[in-house]
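J.: Have a look at this one before I ask anything.
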Amino acid sequence: MTIEAGRLFVTWFRSGADGRDHAVTDERMSAARRAGGDPVAVCGAEVPPVPLVTPPGPRCHRCELCVAVRGTPPGVEARLRARPHRHRKPSRLRQLLTRLPIRSAAGT
Ligand SMILES: [Zn+2]
């Protein structure tokens, strides 16, 4: 199961060393495949693979903490402080007004 946790994408793999499920990022998994070694979990443990038909086991607490910290959604206060995104295209009138040169009435 792949979980999106903020910007951290992890997959939980059962370790053949300690029998726990560890969170491995996609980047570390692909690096381990290229190098031919075991992937390193977000807690730092190497995760020797077990057959994928092995049912999920208990999760590593350090990995859970790492994923929880990285995956904490922004609070309501942070969302309220965030500037609203402008998705609307400027109106035709606004587009025309921004193209017109600005002249002061007192100078004419
Ligand atoms: Zn772990």
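The values are calculated or read from the model by the stated rules, or taken from the named source; none is laboratory data. All of these numbers come straight from a predicted model, not from anything done at the bench. Here the Cβ positions follow ideal geometry from the backbone for every residue, glycine too, while neighbour counts run over all protein chains shown.
J.: Return yes or no: is V69 modelled with pLDDT under 90, among the β-branched types (V, I, T) and not in a loop (DSSP other than H, G, I, E, B)?
T.: On the way: modelled with pLDDT under 90: yes; among the β-branched types (V, I, T): yes; not in a loop (DSSP other than H, G, I, E, B): yes.
Yes: the conditions hold for V69.
J.: Give the residues of the stretch 5-42 that are within 12 Å of the ligand (Cβ to nearest atom), under 17 Å from the mean Cα position of the chain (by Cα) and in a loop (DSSP other than H, G, I, E, B), sorted by residue number.
T.: Those that are within 12 Å of the ligand (Cβ to nearest atom), under 17 Å from the mean Cα position of the chain (by Cα) and in a loop (DSSP other than H, G, I, E, B): A41, V42.
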